[in-house]
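A.B. asks: Below you will find the structure I want to go over with you.
The values are calculated or read from the model by the stated rules, or taken from the named source; none is laboratory data. From a predicted model like this one, the values you see are computed outputs, not experimental measurements. FYI the Cβ positions are ideal-geometry reconstructions off the backbone, even for glycines, and counts take in every protein chain you see. Calculation scope for accessible area: heavy atoms of the full protein, side chains included, ligands and nucleic acids excluded. Shrake-Rupley method; radii C 1.70, N 1.55, O 1.52, S 1.80 Å.
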Amino acid sequence: MKLQQLRYVWEVTRHNLNVSATAQSLFTSQPGISKQIRLLEDELGVEIFARSGKHLTRVTPAGQAVVELAGKVLRLTENIKEVAQEFSDERRGSLSIATTHTQARYALPPVIREFTRKYPDVALHMQQGTPKQIAQMVSDGQADFAIATESLELFNDLVLLPCYRWNRCVMVPKGHPLVDQPLTLEALAGHPLVTYVFGFTGRSQLDDAFRAKGLSPNVVLTAADADVIKTYVRLGMGVGIVAHMAVDPEIDSDLVALDAGHLFESSTTKIGIRRGTFMRGYMYDFLKGFAGHLERDLVDAALAAGPRHDTGLFDSIDLPVR
């Protein structure tokens, strides 16, 4: 059994059993991958993939167990490399962050600026997607940290670190009727709304608030991007509801931002880290830069406790509000 064979099995699974796409991503040949997978199956005495002719059709039950273990072996191999790198050059390496548009656009820029100033030799990679997609990236070892509000708790191998609380504001053009009246859910329900796609940026709390009042909001357009939401507010499509952090006083000077914190439960942004991740020194620094209460000892305690989301480690911490 070779490490290369395990990597081929893992990558083929990640590429939806497309051996050609896997070969392209690994800069190798399709026949070479197929041959090595066959050799591994012969050695193990089980089929990892079911086939129809030359095409892989599905992962067998035995293959599923092999794939899961292969992923763990490959992640441990990466940890060994990280250990060696930490002791040979603690200020050089890479950090991959998977996050949503809102975090990348509004929460992360000052953190990234300071981090790159302090660690110029750390290659920083940022990937964007839906909360489920970014959680999957970290679960699969494609990214180090997942930063989001929704969906991270669905992945049982992720340790969640609460970072900060936030709430929403309503965006309307100047002169809009909502500007000169008390802001209530009933008033909002009387206007067409433009807000986040379900599963993004605390959308579930928004829906829960209307439901609790027996109201059916008229959501006419949804988007994953706060800037897109504001664009359509400017076009007169409706009233925007966005994260408060997404308001830029200069860029949004043509709109009026109405605080809606009294209408909705606050949401909590978290960082998800795969259990077993070897933490480089600069990774701890990044966490503290993003959320000041994430001291090294607290992070280590959370990682040691594992993916239990009710450990109580953060109960006594008053999370900052953004």
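A quick yes/no check of all residues on (1) modelled with pLDDT of 90 or more; (2) under 13 Å from the mean Cα position of the chain (by Cα); (3) not polar (S, T, N, Q):
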| residue | (1), (2), (3) |
| --- | --- |
| 98 | yes, yes, yes |
| 105 | yes, no, yes |
| 110 | yes, no, yes |
| 113 | yes, no, yes |
| 119 | yes, no, yes |
| 123 | yes, no, yes |
| 128 | yes, yes, no |
| 136 | yes, yes, no |
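A.B. asks: Checking the structure you have, find out if any residue of segment 30-37 is assigned by the TED database to the domain that holds residue 15, without any contact (Cβ under 8 Å) to a residue 40 or more places away in the chain and in a strand (DSSP E or B). I'd like the intermediate steps shown before the answer.
C.D. replies: Residues of segment 30-37 assigned by the TED database to the domain that holds residue 15: 30-37.
Next cut, without any contact (Cβ under 8 Å) to a residue 40 or more places away in the chain only: 30-37.
The next check asks that each one be in a strand (DSSP E or B); those that pass are none.
For segment 30-37, residues assigned by the TED database to the domain that holds residue 15, without any contact (Cβ under 8 Å) to a residue 40 or more places away in the chain and in a strand (DSSP E or B): absent.
A.B. asks: Of the conditions (1) surrounded by fewer than 13 Cβ atoms within 10 Å (Cβ to Cβ); (2) more than 30 Å from residue 197 (Cα to Cα), residue 109 fails just one. Which one is it?
C.D. replies: (2)
A.B. asks: To continue, here is another question. Out of 46, 66, I need the residue that is at pLDDT 90 or above and over 25 Å from residue 139 (Cα atoms). Which one? Spell out how you get there, then give the answer.
C.D. replies: Details: 66 fails: over 25 Å from residue 139 (Cα atoms).
Within the list 46, 66, the selection yields 46.
A.B. asks: Please work out which residue is nearest to residue 231 (Cα to Cα), limiting yourself to segment 172-207 and to residues that are part of a helix (DSSP H, G or I) and within 29 Å of the chain's Cα centre (by Cα).
C.D. replies: Filtering segment 172-207 down to residues part of a helix (DSSP H, G or I) leaves 177-180, 185-189, 203-207.
From what is left, the residues that are within 29 Å of the chain's Cα centre (by Cα) are 203-207.
Details: 203: 19, 204: 22, 205: 23, 206: 20, 207: 22 Å.
Out of the qualifying residues, it is 203.
A.B. asks: Could you count how many residues in segment 41-88 are free of Cβ contacts under 8 Å to residues at least 24 places away in the same chain, in contact with a strand residue (DSSP E or B) (Cβ under 9 Å, 6 or more places away or on another chain) and outside any helix (DSSP H, G or I)?
C.D. replies: 3
A.B. asks: Can you tell me how many residues within segment 208-267 are modelled with pLDDT of 95 or more, over 22 Å from residue 130 (Cβ atoms) and in a helix (DSSP H, G or I)?
C.D. replies: Qualifying residue count for the region: 2.
A.B. asks: Of everything in segment 269-310 that's of a type in the set (Ser, Thr, Tyr) and in a helix (DSSP H, G or I), which residue is farthest from residue 121 (Cα to Cα)?
C.D. replies: First pass over segment 269-310, keeping only residues of a type in the set (Ser, Thr, Tyr): 269, 277, 282, 284.
Next, only the ones that are in a helix (DSSP H, G or I) stay: 282, 284.
On the way: 282: 11, 284: 16 Å.
Per the stated criteria, the residue is 284.
A.B. asks: Related question: Going through 116, 102 one at a time, which residue ends up being open to solvent by 40 Å² or more (accessible area, probe 1.4 Å), hydroxyl-bearing (Ser, Thr, Tyr), within 24 Å of residue 292 (Cβ to Cβ) and outside any loop (DSSP other than H, G, I, E, B)? Show your work before the answer.
C.D. replies: Details: 102 fails: open to solvent by 40 Å² or more (accessible area, probe 1.4 Å).
On inspection, the qualifying residue turns out to be 116.
A.B. asks: Could I ask something else about it? Those residues that are among the hydrophobic types (A, V, I, L, M, F, W, C), surrounded by 19 or more Cβ atoms within 10 Å (Cβ to Cβ) and touching a Leu at 6+ places or on another chain (Cβ under 9 Å), I need them from segment 186-205; list them, please. Show your work before the answer.
C.D. replies: Going through segment 186-205, the residues among the hydrophobic types (A, V, I, L, M, F, W, C) turn out to be 187-189, 193-194, 197-198, 200.
Retained after the next criterion (residues that are surrounded by 19 or more Cβ atoms within 10 Å (Cβ to Cβ)): 188, 193-194, 200.
188, 193, 194 - these are the residues of segment 186-205 that are among the hydrophobic types (A, V, I, L, M, F, W, C), surrounded by 19 or more Cβ atoms within 10 Å (Cβ to Cβ) and touching a Leu at 6+ places or on another chain (Cβ under 9 Å).
A.B. asks: Which members of segment 264-322 meet the condition of being within 21 Å of residue 119 (Cα to Cα), touching a helix residue (DSSP H, G or I) at 6+ places or on another chain (Cβ under 6 Å) and loosely packed, with under 15 Cβ neighbours inside 10 Å?
C.D. replies: 296
A.B. asks: May I pose another question? Which one of 68, 47, 11 is open to solvent by 80 Å² or more (accessible area, probe 1.4 Å), of a type in the set (Asp, Glu) and within 23 Å of residue 277 (Cα to Cα)? Spell out the reasoning first.
C.D. replies: Numbers: 47 fails: within 23 Å of residue 277 (Cα to Cα); 11 fails: open to solvent by 80 Å² or more (accessible area, probe 1.4 Å).
Just a single option satisfies the conditions, and that option is 68.
A.B. asks: Answer yes or no as to whether residue 82 is open to solvent by 60 Å² or more (accessible area, probe 1.4 Å) and closer than 19 Å to residue 276 by Cβ. Even if it seems obvious, please write down each step before you answer.
C.D. replies: Values: open to solvent by 60 Å² or more (accessible area, probe 1.4 Å): no; closer than 19 Å to residue 276 by Cβ: yes.
No; evaluated as a whole, the condition is false for this residue.
A.B. asks: Out of the residues in segment 246-257 that are aliphatic (A, V, I, L, M) and open to solvent by less than 30 Å² (accessible area, probe 1.4 Å), which is nearest to residue 147 (Cα to Cα)? Before the answer, list the steps.
C.D. replies: Applying the first criterion (aliphatic (A, V, I, L, M)) to segment 246-257 yields 246-247, 251, 255-257.
Now restrict to residues that are open to solvent by less than 30 Å² (accessible area, probe 1.4 Å): 246, 255.
Working: 246: 16, 255: 28 Å.
The residue in question is 246.
A.B. asks: Then there's this: Can you tell me which residue is most open to solvent (accessible area, probe 1.4 Å) among those in segment 119-170 that are among the small types (Gly, Ala, Ser) and outside any strand (DSSP E or B)?
C.D. replies: Step one: filter segment 119-170 for residues among the small types (Gly, Ala, Ser), giving 123, 129, 135, 139, 141, 143, 146, 148, 151.
If we keep only those that are outside any strand (DSSP E or B) too, we end up with 129, 135, 139, 141, 143, 151.
Details: 129: 16, 135: 0, 139: 15, 141: 42, 143: 4, 151: 15 Å².
So the residue we want is 141.
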